[in-house]
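Okay, structure first, notes after.
The values are calculated or read from the model by the stated rules, or taken from the named source; none is laboratory data. Owing to the predicted nature of the structure, the values given are computational and were not obtained by experimental measurement. Cβ: placed from backbone, ideal geometry, glycine included. Neighbour counts: every protein chain shown. Protein only, heavy atoms only, side chains kept; ligands, DNA and RNA dropped before computing areas. Shrake-Rupley method; radii C 1.70, N 1.55, O 1.52, S 1.80 Å.
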Amino acid sequence: MANPHSPFAKTLRVFRGTFIHASREEVLQVLADALLGVDAEGKIIFIGEGKELDKMSKNFGFRPSAVTQLETHEFFMPGMVDTHIHAPQYSYIGTALDMPLLDWLNKYTFPVESRFKDKSFAQKVYTQVVRRTLRNGTTTACYFATIHKDSSLLLGHIANEFGQRALVGKVCSDRNRFSEQYKETFQESIEETSRFISELLDKKYALVKPVVTPRFARWCSGPLLSELGQLAKNKNLHIQSHIAEIYDSVNVVKELFPDSNSFTDVYHKHSLLTNKTVMAHGCHLSDEELTLFRETGASLSHCPNSNISLRSGVLNVRNVLNHKVKVGLGTDVAGGYSASMLDAVRRALDTSKILTIQEPEHQTLTFEEAFRLATLGGSQALSLDNQIGNFEVGKDFDALRVNVAVPSGPIDLIQHEEPKILLEKFLNLGDDRNIVEVYVAGRRVVPFSE
């Protein structure tokens, strides 16, 4: 009999079934017939074996009949973490991939991002991108917005309303030779960014925080980078930017910052390389630069779809991991043509296989490793792994309920398969139809309440 005096008796939710996650020690753990309890704050308060149901129901004060039982072909996995996505670019996702990066930015990106001074346009696009990413299992997103303070605040509001965990960055750029219409002065950038951060923090959103966002060193002056580094330090904020995405930028940044030894050193000298920094791409980093990443605790966001689509370069993730640098996956919408982290997993595996074709000694990433990159790896890259990333007791319950055999879904099961194979099939073949529920901090956010 359940203990009616337990503090959890009326608020505890308990799930029973298969749970699949990664840990620091193991690239993949399958917990078959497990029990997991979530309290009213959305925290995981216990995880145990199904055979202990009677014992745990007494200890934690829940009725065995109230347990949510997963179906045979279902499992829970941690929510996926998109470590790099440009929310305004969602308006033209799936198009405009006919040229390399710098031409692409000039022709498509900057004209579109300039439109986000119009809050009604921003409302429409940002609502769509938050809904789409959540529906595809992105429980945490690290967003670039635009240079516009008000619409950037709106993105934070929309993420909060839908229940997505998010880092939102107002873009900073005071040196853009491609677009006079889409840049700020040094003073405007600092003042508007400071206001953005203060106003977003004043909202006291539980899951949405600001992130300091210099677009990248090529389009920011040294004084602006220094001020942003100091601002991040003073407020203890996350930092995001781009690094070594294309080879041309590596050389240009060296010319713009002759006192720095490398692209990475530019950010380091301006106090922008910390254990709360995530840099996108890194296709053309040297081993010495990766060592500096490790020493500072900074991380990389691997964006394989964008790297290929815009012909930017190929990141050797195995080399990054061998340097013990934190790395997660990013969709990099709209340079990446999919807002789904499942696509990022697949493209990461494809990229690794291409490297093996080119160099047979290269150790190809496994699907288990790609799964960890999309979940625990992403949480580590954003320095949120003390809160999310797997099903450890004390962490928030950010989770996807996956049904591999959902009716009219993309996966055909021919025979009984073990959970590990079900996960592999989902990663390779699945889509949003297989994601039947999404939880963020214990709150069910998908299906949407209309």
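Looking across the stretch 144-166, the residues that are open to solvent by 10 Å² or more (accessible area, probe 1.4 Å), in a helix (DSSP H, G or I) and touching a Leu at 6+ places or on another chain (Cβ under 8 Å) come down to 153, 160, 162.
Restricting attention to the stretch 283-313 and to residues that are open to solvent by 10 Å² or more (accessible area, probe 1.4 Å) and among the hydrophobic types (A, V, I, L, M, F, W, C), the residue that is nearest to residue 100 (Cα to Cα) turns out to be 308. Remark: residue 329 matches the filter, which requires a residue to be closer than 15 Å to residue 84 by Cβ, in contact with an Asp or Glu (Cβ under 9 Å, 6 or more places away or on another chain) and of a type outside the set (Lys, Arg).
Take residue 397 and tell me if it is touching a residue at least 40 places away in the same chain (Cβ under 8 Å), aromatic (Phe, Trp, Tyr) and surrounded by fewer than 22 Cβ atoms within 10 Å (Cβ to Cβ).
When the stated conditions are applied, residue 397 does not pass them.
Among the residues of the stretch 9-31, those identified as of a type in the set (A, V, I, L, M, F, W, C), over 14 Å from residue 398 (Cα atoms) and assigned to a loop (DSSP other than H, G, I, E, B) are 9, 12, 27, 28.
A residue that is on the phi > 0 side of the Ramachandran plot and touching an Asp or Glu at 6+ places or on another chain (Cβ under 6 Å) can be found somewhere in the stretch 42-49. Take the conditions (1) touching a helix residue (DSSP H, G or I) at 6+ places or on another chain (Cβ under 9 Å); (2) outside any loop (DSSP other than H, G, I, E, B); residue 357 misses just one of them, which is (1). On the given criteria, is residue 232 assigned to a loop (DSSP other than H, G, I, E, B), farther than 24 Å from residue 109 by Cα and either among the aliphatic types (A, V, I, L, M) or under 25 Å from the mean Cα position of the chain (by Cα) (or both)? For residue 232, the condition - assigned to a loop (DSSP other than H, G, I, E, B), farther than 24 Å from residue 109 by Cα and either among the aliphatic types (A, V, I, L, M) or under 25 Å from the mean Cα position of the chain (by Cα) (or both) - is not met. When you scan the stretch 380-392, do you find a residue that is part of a helix (DSSP H, G or I), closer than 30 Å to residue 273 by Cα and at pLDDT 95 or above, even just one? Scanning the stretch 380-392, I find at least one residue that is part of a helix (DSSP H, G or I), closer than 30 Å to residue 273 by Cα and at pLDDT 95 or above, so the answer is yes. Filter the stretch 213-229 down to residues that are surrounded by fewer than 24 Cβ atoms within 10 Å (Cβ to Cβ) and within 10 Å of residue 272 (Cβ to Cβ) and give me whichever is nearest to the chain's Cα centre (by Cα). Once the filter is applied, the top-ranked residue is 229.
Summed over the stretch 328-349, residues that are touching a strand residue (DSSP E or B) at 6+ places or on another chain (Cβ under 7 Å) and of a type outside the set (A, V, I, L, M) total 4.
Let's see how each residue does on (1) modelled with pLDDT under 95; (2) closer than 21 Å to residue 144 by Cα:
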position	(1), (2)
222	no, yes
232	no, yes
235	no, yes
239	no, yes
249	yes, yes
256	no, no
261	no, no
265	no, no
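In the set (1) of a type in the set (Val, Ile, Thr); (2) within 30 Å of residue 311 (Cβ to Cβ); (3) out of contact with any Ser or Thr (no Cβ under 8 Å at 6 or more places or on another chain), residue 20 fails one condition alone, (2). Taking each residue of the stretch 129-150 that is touching a residue at least 60 places away in the same chain (Cβ under 8 Å) and farther than 13 Å from residue 333 by Cα and looking for partners that are open to solvent by 10 Å² or more (accessible area, probe 1.4 Å) and in a helix (DSSP H, G or I) with beta-carbon atoms closer than 8 Å, six or more apart or interchain, yields 131/162; 134/162; 135/432; 136/432; 137/432. Of all residues in the stretch 243-259, those that are open to solvent by less than 20 Å² (accessible area, probe 1.4 Å) and either among the polar types (S, T, N, Q) or out of contact with any helix residue (DSSP H, G or I) (no Cβ under 8 Å at 6 or more places or on another chain) (or both) total 1. When the stretch 347-362 is limited to residues that are over 18 Å from residue 312 (Cα atoms) and out of contact with any Ser or Thr (no Cβ under 7 Å at 6 or more places or on another chain), the one that is most open to solvent (accessible area, probe 1.4 Å) turns out to be 361.
Among the helices (runs of 4 or more DSSP H) confined to the stretch 32-143, the ones with at least 3 residues that are open to solvent by less than 30 Å² (accessible area, probe 1.4 Å) and within 19 Å of residue 182 (Cβ to Cβ) are located at 101-104, 110-114, 119-135.
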